[in-house]
Amino acid sequence: MVHIILLILKILGCIILGILALLLAALLVALFVPFRYELSAVYDGKSEISCKISWLFGAVKVRGGLKNKRMYARANVLWFRIFGMGEDEKQAAKDFAEATDAARDVLETELSDILEEPPEEAEPVKLSELPESPITDVPLTEVSPLPETDMKSVMKKKASTAKKEKKRERTETKKKKRKRGLSERLSDFYEDLIHKKELLERFWNADFTQGTIRFVKKALISIICHLRPKKISGNIHFGFGRPSDTGRILGYASTLYAWYGDSLKLYPDFEETVFDGDMDIRGSVQIYIFLYWGLQGLLNKDLRRLLRYIKHFKGKEETLWQ
């Protein structure tokens, strides 16, 4: 008997370990298998743009773009299409019409079957067959007399008196403010501005604010370096009519030469206004980078102090620099 129980526990343990292993594998796949993106654009008087996002070696694909001034999109999981727009509008309309016709036929057949069946006539019920229900005497309770004073009228009187007092206080405060001179009001406004300026300076120079700024810069640089395209290729022919403008744009583009290299070729035209060419951009994104920096943010003391201060900003200015 003990051997059977141990064997059952062993089988259950193996099943649980297998499920945990599958969940771990799915988590690792979701975090480290990259989402690959491709973007291509062509412009020669008419613009054509196409983009593609794929995951899990092409098992999940999303395509979309602009062609002949029309948007299109499509999403596939393995060999099944789960979404389509613009690319096969005629086929989608045909499928929808077929589905509606089939549904209409089914509805018509069901209605015809219901109408053909004659309704069952209910037998009349005789009064003599109804069960007699004895009427029991219900004891009457004595009703307490109403109070002499009406509570609603008392509450209304109290509310009206409170409103009158508040209105009188507001008018008195307004009169006091009007009596004050313009110089006093300007001095109060100036002191309020100085106080807010000091608070902002202290907030900006606080240790946790500067620490949060350094952390956010580091995280953004890391994420941007991870998201940047791995390959950029194409040919661009451009000109702005004025040699100075064309040269300025060419100078700005040359600062990014280390990023795109020789794969992207620029052909400036210093005489005419022209723009045409094609470009192909490819890269990949892994989800773990966002999870990593999210956990780093949760563990960052400066960021937590900043969020706590923003949450409890009202009435807690003195706790900022303690």
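Legend: residue pairs LYS167/LYS311; LYS196/LYS217; LYS61/LYS301; LYS157/LYS311; LYS231/LYS301, Cα-Cα distance threshold 31 Å; pairs beyond threshold, LYS167/LYS311; LYS61/LYS301; LYS157/LYS311; LYS231/LYS301. Give the residue from LEU227, LEU307, ILE289 lying farthest towards the positive end of the charge dipole for the stretch 192-322; charges sit on Cβ (+1 for Lys and Arg, -1 for Asp and Glu) and the dipole is referred to the Cα centre. Towards the positive end, the residue furthest out is LEU307. Listed values for the stretch 266-277 are Karplus-derived 3J(HN,Hα) couplings in whole Hz (6.51 cos²θ - 1.76 cosθ + 1.60, θ = phi - 60°), namely 10, 10, x, 10, 8, 10, 10, 8, 8, 7, 7, x, and x replaces Gly and Pro. On a per residue basis, the convex hull of the C-alpha atoms belonging to the stretch 197-258 measures out at 151 Å³.
Quick one: putting +1 on the C-beta of Lys and Arg, -1 on the C-beta of Asp and Glu, what dipole do you get for the stretch 220-322 around its Cα centre, in Debye to the nearest 20? Intermediate values should be presented prior to the final figure.
Numbers: 14 positive and 11 negative charges, 217 e Å.
For the stretch 220-322, the charge dipole is close to 1040 debye.
Ordering of 203-210, 12-19 by packing is 203-210, 12-19, highest average first (other Cβ atoms within 10 Å, averaged per residue).
On alpha-carbon atoms, Rg over Rh for the stretch 216-312 using Kirkwood Rh? List each step's numbers first, then the result.
Details: Rg = 20.5 Å, Rh = 16.8 Å.
Reported Rg/Rh, Kirkwood definition of Rh: 1.22.
Peptide packing: for 259-269, 273-283, 75-85, the average count of neighbouring Cβ atoms within 10 Å per residue gives the ranking 273-283, 259-269, 75-85, highest mean first.
Bear in mind that the values in this text are calculations on the coordinates, not laboratory data. All of these numbers come straight from a predicted model, not from anything done at the bench. Cβ coordinates were reconstructed from backbone atoms using ideal geometry, including for glycine residues, and neighbour counts include every protein chain displayed.
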